[in-house]
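The values are calculated or read from the model by the stated rules, or taken from the named source; none is laboratory data. What you are looking at is a predicted structure, and each value in this text was computed from that prediction instead of being measured. No Cβ is skipped: glycine too gets one built from the backbone with ideal geometry, and neighbour counts run over all protein chains shown. For the accessible areas, the whole protein counts, side chains as well, though only heavy atoms, and no ligand, DNA or RNA atoms are used. Shrake-Rupley method; radii C 1.70, N 1.55, O 1.52, S 1.80 Å.
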Amino acid sequence: MNTHSKIDAAATRNPLAPAARRGAPTKASGRKQQLLLGAMALLAGTYAFGASPPAAADTVLHNSCTATCTSDGWQPEASLMLGSNGRLYGTAEMGGTYGKGTVFWIKPNGAGYATRYSFGATGDGAYPVAGLLQYGTLVYGTTYEGGQYGYGTVFCMKSSVTAEFNKYSFGSTTADGTYPQAGLTLVGNWLYGTTAHGGTNGAGTVFRINTKCGQEQVLYNFAGGTDGGFPSGTLFYDSVNNLLYGTTQIGGSGCNCGTVFSVTPAGLESVVYSFTGNPDGSSPRGGVVLDSGSGMLFGTTEYGGQSLGTIFEISPSCANSCGSATVYPFKGPTFSDGLYPYGNLIDVGGTLYGTTLYGGTGTGCGTNGCGTIFKAAATGFPNETVVNSFTGTATDGYAPAAGLYYDSSNTDFYGTTTSGGNKTTCGNASGCGTVFVQP
């Protein structure tokens, strides 16, 4: 696989059409297989597993499609959020009443799972792939498709009821962004986010929208060149310097391998770092996090390094002048350390936690591993330790695409897997996905 190419960075396992054209085909039919099988087909039979056992096992709190796939969602692909009512909120990309995804909640002990909203009614959003945000009594999120024009939405719903409060539909003009993949970030009274496509150059946008989901402003239009293109990770806000940081899957000054960028709340964008593919990685997907102890930005690339993805560290003051990033390259099934990190990192007291789609010691899903939870210390980086290897059996999940949520009250981590579990009524023989807790 040529990890330096725009096609790999933009379209290998999700529908970021290379031309980012309006009217891109729907992702509903092909995304599941692309997400779970795209990389695996390239590695089948190539590696043998190491013998290292996982450090600890996770516990499945919910199996998707436990009731039916129309009353339940399936293929959860986003991080969870703890609401003010003590329940974990999340999204499922598929399923629900109309088959186009859901918002759900569940108690941290696994009880009380319920679908709070089903997407796909006329004019509604469809296929949520990002996590949620609560502000006051409202819960906010994005859908990749749907809405009035078919190019995705920002939605607001009251945390206590099963109905949308309001929504904004992307694509009302040719200059608007389209197909948002990332979640939202609250700065003052505005919600900031990105769209993976659209804008005046077709390579995505940074936007903000008021907390009533009404007034939207495009702040920056990516050109797809040295400034980057196709942003997909949730923005990180640095309140000390009043800057938002994000990543793009393509562009930059090197091999078209993606960037880390900063943007002011007013929309002034600067490239912090351009990836080179090897050794630092390519196609960053999950955004970045700023570690307060070291003052450094950390994130992951889905590809590059030794071709299986990386964890990277760069200075936020790089201004695209750093010679290279500090990198941990994933080595794949041979070393059981994981491969293809897809979601965002979280920082818990100077320790970074994340997930990989594949890799680890689990063999219930094939020879390439069923995914991992890993950690890396910000001080003394690069380093990486596998916390858990998913097994891919009926009692466990498989292929975690999202980052984790950490609950400091009980020191547990919560997350989702896109596949696995004991239900196959969604049509996926490997399971319809899970919600899990990791001690």
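Quick look at the numbers
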{"item": "Identity of the residue in the range 263-273, open to solvent by 10 Å² or more (accessible area, probe 1.4 Å) and touching a Gly at 6+ places or on another chain (Cβ under 8 Å), that ends up nearest to G228 (Cα to Cα)", "result": "V271"}
{"item": "The range 365-383, subset touching an Asp or Glu at 6+ places or on another chain (Cβ under 8 Å) and open to solvent by 30 Å² or more (accessible area, probe 1.4 Å), residue farthest from D280 (Cα to Cα)", "result": "K375"}
{"item": "Failed condition for S64, given (1) more than 22 Å from A182 (Cβ to Cβ); (2) of a type outside the set (K, R); (3) surrounded by fewer than 21 Cβ atoms within 10 Å (Cβ to Cβ); (4) at pLDDT 95 or above", "result": "(3)"}
{"item": "Verdict on T248 being among the hydroxyl-bearing types (S, T, Y), open to solvent by less than 20 Å² (accessible area, probe 1.4 Å) and either over 29 Å from S84 (Cα atoms) or part of a strand (DSSP E or B) (or both)", "result": "yes"}
{"item": "The range 128-180, residues that are within 13 Å of G198 (Cβ to Cβ), touching a residue at least 60 places away in the same chain (Cβ under 8 Å), open to solvent by less than 20 Å² (accessible area, probe 1.4 Å) and assigned to a loop (DSSP other than H, G, I, E, B)", "result": "Y144, G171, Y179"}
{"item": "Failed item, numbered, when G362 is tested on (1) open to solvent by less than 10 Å² (accessible area, probe 1.4 Å); (2) within 20 Å of the chain's Cα centre (by Cα)", "result": "(2)"}
{"item": "All positions within the range 397-420 that are closer than 20 Å to Y127 by Cβ and either without any contact (Cβ under 8 Å) to a residue 40 or more places away in the chain or part of a loop (DSSP other than H, G, I, E, B) (or both)", "result": "A399, P400, A401, A402, G403, T418"}
{"item": "Any hit, the range 276-285, residues being in a loop (DSSP other than H, G, I, E, B), in contact with an Asp or Glu (Cβ under 9 Å, 6 or more places away or on another chain) and farther than 19 Å from P231 by Cβ", "result": "no"}
{"item": "Residues of the range 276-321 classified as hydrophobic (A, V, I, L, M, F, W, C), farther than 21 Å from Y340 by Cα and either touching a strand residue (DSSP E or B) at 6+ places or on another chain (Cβ under 6 Å) or open to solvent by less than 10 Å² (accessible area, probe 1.4 Å) (or both), total", "result": "3"}
{"item": "Of residues in the range 322-341 being touching a residue at least 60 places away in the same chain (Cβ under 8 Å) and among the aromatic types (F, W, Y), the one surrounded by the fewest Cβ atoms within 10 Å (Cβ to Cβ)", "result": "F335"}
{"item": "Unmet criterion (only one of (1) outside any loop (DSSP other than H, G, I, E, B); (2) in contact with a Gly (Cβ under 8 Å, 6 or more places away or on another chain)) for G369", "result": "(1)"}
